[in-house]
Number of protein chains: 2
Amino acid sequence: MEPTTAAEREDRVLDRIASFRKRRPRLLEDVVTLAHGAGGKSSAALVDAVFVDALRNPQLEQLGDSAALTLADGERIAFSTDSFVVQPLQFPGGSIGNLAVHGTVNDLAVSGARPRWLSAAFVIEEGFEIAQLREIVRDMADSAAQAGVHVVTGDTKVVGKGAADGVYICTAGVGVLPTAARFGPEYVRPGDQVLLSGTIGEHGMAVMLARGELAIEADIRSDTAPVNGLVHAMLGAAPSTRWMRDATRGGVATVCNELAQSTGLAVILDEQALPVLPQVSGACDLLGIDPLYVANEGKFVAVVPADEADAALAALRGYPGGEQAAIVGEILAEPEGIVALRTAFGGSRIVDTLVGDPLPRIC
Amino acid sequence: MEPTTAAEREDRVLDRIASFRKRRPRLLEDVVTLAHGAGGKSSAALVDAVFVDALRNPQLEQLGDSAALTLADGERIAFSTDSFVVQPLQFPGGSIGNLAVHGTVNDLAVSGARPRWLSAAFVIEEGFEIAQLREIVRDMADSAAQAGVHVVTGDTKVVGKGAADGVYICTAGVGVLPTAARFGPEYVRPGDQVLLSGTIGEHGMAVMLARGELAIEADIRSDTAPVNGLVHAMLGAAPSTRWMRDATRGGVATVCNELAQSTGLAVILDEQALPVLPQVSGACDLLGIDPLYVANEGKFVAVVPADEADAALAALRGYPGGEQAAIVGEILAEPEGIVALRTAFGGSRIVDTLVGDPLPRIC
């Protein structure tokens, strides 16, 4: 018997979210592979079987971009971390230093927090040039100033030649969470609109081209940027925003799949609405890569109730860096837990999670 | 003319602290060397010339074990980070997993904070055995449970074979700072007593012996342990405690030199009072290494006013893990900015900061 009242429909959505959240991929391998670091199914399996299994606690099990922590007096903070191992260390549009700041700032921002403070830990290869290290740290300083955060504590380790590919950087960040802010897959409902804050695919393609391993040339710069200003502008216009995530490793396809799988709802994207620069689209075509799977470092996906979607879009487009924002899809009740793309020709296809990553080591 | 009043003497101490804090070692190299990661003079020069220079802000310039941050409502938190690159990954008494938790917990604890939450970011080498990764993560879980903290957020990256010596772990931590707590070199005064929470040198020697590169065998286990319980017990008994630091890279000698150089005062240690296990002392003798320079992962140095020193010592000795605590020295006005050791034979010698580290990659 079909449920008929609004309360019954709501119950059914909550049941489905609960059952989908229990489904996690299984870890089948005996050794770590590059796919385990790619942000797709293999990564999820490793995190679940090794890290969550041993370290279990309610915040960690959320597997969010950051953990929400409540202090004794009720003030809430967000806490997040990321390691950066990108190769090459510098590429058109940015460097590992910019990524190390933006990655953590953006994780905090899409959790609804106001990013405030970062830590930075460096693992440096013996023999690394101090002049290059200075450039990378200056990029961090520029990015921190732009995002309005301070790097307040750090650590330096040096490892032998051949280890650490020059330098790895790990940042963690603390932000302040407004008491009112409530985000998460449990707030997403059928009929909500899916927004994208700008064009996709530039970061991953810029890094791949900078490696010089591909036989093509294109003028593509990384989009690495802080999104906290954009998020703040959007939340002002769309205070009921349900869910946000920055589309880094695995791209928009992967974050939409995380959304679909954590809600049991369908995420339906419109191919024609997806903003992609022509040079990115051209390079992806040549390489047979779908820009939906390519990493971004300054873009986020947001789910907003339909009655706030136009206001959210206008706020994004009116903020520097959000000019190309678009409504790119919607949330439906069916098919359960699936991301689908409505193509330009009126058809549709499933957008699955990748097991590995076509573009490794891009962040 | 000599100052005569208490106020004049206090002014003179403050002037000296200010002038000593301006003296920082200079960075002379063009490339990063292992010495830059060893925690001594070279590390300080690199941090100053590259990181502090570019990222300058008041919290970072403190160069403390953690940064003290004040939230909007006045609540204060401590924030700290450390990367761990120890080789081998497992050794008698612990593993990189234990170190990754204890290192950050202890940095927070010696800042006077109550450690609460950790982040953990893993850079894993392709091909690393998942069974070994599980053991390391279980060690983290055990250490977190013992210290009363939760690992609430994390990240996983995978790099190519040969790039990460198996696994590197970066943790960051957030703790709650009591509003009343005030610690720092600026509170240290001549006449204060120097306490050590237990025996020294076990961690560094255990790791070196586990590498199998030395021609000696000895039954030495790492002392890796959380010190937050010990710190809490001591602060209860000695609420005017001036300064604390955990004696990791570079050992007790290095942290005492940091204290002497940040205050302009003298730290006078008594050789006969320093607690060293006989097997550590024996191995150090054979290798020509001074245990004062060997890393610990569960010990801290504290400066306490003379009238609270006995109570602090009794509290430490009464707490599990603090049985071997000792008063090991005192703070004098002269010689300025110097650490000296009173030897068993009635002489004394300068305990200088090392440029590099006799025992690399021990944390």
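Where a number appears in this text, it was derived from the coordinates with a stated rule and is not lab data. Worth saying up front: this structure is predicted, and the values here are computed from it rather than measured. All Cβ positions, even for glycine, are placed from backbone atoms using ideal geometry, and neighbour counts span all protein chains on display.
Counting only other chains, and only Cβ atoms inside 10 Å, what mean value do you get across the residues of B:162-175?
Working: counts 3, 10, 7, 6, 1, 1, 10, 2, 15, 6, 15, 4, 9, 0.
That works out to 6 on average.
Largest GNM mean-square fluctuation among B:Asp270, B:Asp73, B:Asp285, using chain B with Cα springs under 10 Å: B:Asp73. Excluding the site residues themselves, the longest part of chain B lacking any trypsin sites (Lys or Arg not before Pro) in a DSSP loop with at most 11 other Cβ atoms within 10 Å is B:162-363.
For segment B:304-363, what does the alpha-carbon gyration tensor say about shape, rounded, prolate or oblate, given a ≥ b ≥ c as the root eigenvalues, a/c under 1.5 as rounded, and a/b over b/c as prolate? Oblate shape, in that a/c is at least 1.5 and b/c is the bigger or equal ratio. Note that segment A:48-54 has calculated 3J(HN,Hα) couplings of 5, 6, 9, 7, 5, 4, 8 Hz, one per residue in order, obtained from phi through the Karplus relation 6.51 cos²θ - 1.76 cosθ + 1.60 (θ = phi - 60°); glycine and proline are x. Its residues counted as N, segment A:204-260 yields a C-alpha radius of gyration over 2.2 N^0.38 Å of 1.52. At q = 0.08, 0.10, 0.11 Å⁻¹ the log10 of I(q)/I(0) for chain B amounts to -0.38, -0.61, -0.74, computed by Debye summation with a single uniform scatterer per C-alpha, solvent ignored.
Of interest is the spacing of the C-alpha centroids, which for segment B:84-117 and segment B:35-64 amounts to 21 Å. Hull volume per residue, based on the alpha-carbon atoms of segment A:185-350 and their convex hull, is 104 Å³.
With distances taken between every two different alpha-carbon atoms, the protein assembly as shown has a Kirkwood hydrodynamic radius of 26.7 Å. Label-to-label distance, B:Asp11 versus A:Arg317, with points set 7 angstrom from Cα along the beta-carbon direction: 6.7 nm. About its Cα centre, the dipole of segment A:66-181 is roughly 200 debye, where the only charges are +1 on Lys and Arg Cβ and -1 on Asp and Glu Cβ. Distance from a point 7 Å along Cα→Cβ of B:Thr179 to each backbone N in segment B:49-87: keep the residues under 14 Å and list them by number. Correct set: B:70-77.
Ranking B:Thr248, B:Leu27, B:Leu99 by how far each Cα lies toward the positive end of the dipole of chain B (charges on Cβ) leaves B:Leu27 at the top. Lacking any other cysteine beta-carbon closer than 4.7 Å, the following Cys residues of chain A have no compatible partner: A:Cys256, A:Cys284, A:Cys363.
A Gaussian network model of chain B, with springs between Cα atoms under 10 Å, assigns the largest mean-square fluctuation among B:Thr104, B:Thr224, B:Thr343 to B:Thr343. Checking the cross-link pairs A:Lys299/B:Lys161; A:Lys41/B:Lys157; B:Lys41/B:Lys161; A:Lys157/B:Lys157; A:Lys299/B:Lys157 against a 24 Å limit on the alpha carbon distance flags A:Lys299/B:Lys161; B:Lys41/B:Lys161 as lying beyond it. Each Lys or Arg adds one and each Asp or Glu takes one away; over the other residues whose Cβ falls under 10 Å from the Cβ of A:Ala78, this sums to +1.
If you add up the charges near B:Glu271, with Lys and Arg at +1 and Asp and Glu at -1, over every other residue whose beta carbon is less than 11 angstrom from its beta carbon, what do you get? It would help to have the intermediate numbers written out before the result.
Working: positive: B:Arg342, B:Arg349; negative: B:Asp270, B:Asp290.
Local charge sum for B:Glu271: 0.
For segment A:66-181, pairs of C-alpha atoms spaced more than 23 angstrom apart make up 31 percent of the total.
Might you report the magnitude of the Cβ-based charge dipole of the protein assembly as shown about its Cα centre, with Lys and Arg at +1 and Asp and Glu at -1, to the nearest 20 debye?
Values: 58 positive and 92 negative charges, 92 e Å.
The dipole magnitude comes to about 440 debye.
Helical content of chain B, expressed as a calculated mean residue ellipticity at 222 nm, amounts to -9500 deg cm²/dmol (DSSP H runs of 4 or more residues, -39,500 (n - 2.57) each, divided by residue number, nearest 500). By the gyration tensor of its Cα atoms, with a ≥ b ≥ c the square roots of the eigenvalues, what is the shape of segment A:155-210: rounded for a/c under 1.5, prolate for a/b over b/c, or oblate? It comes out oblate by the Cα gyration axes.
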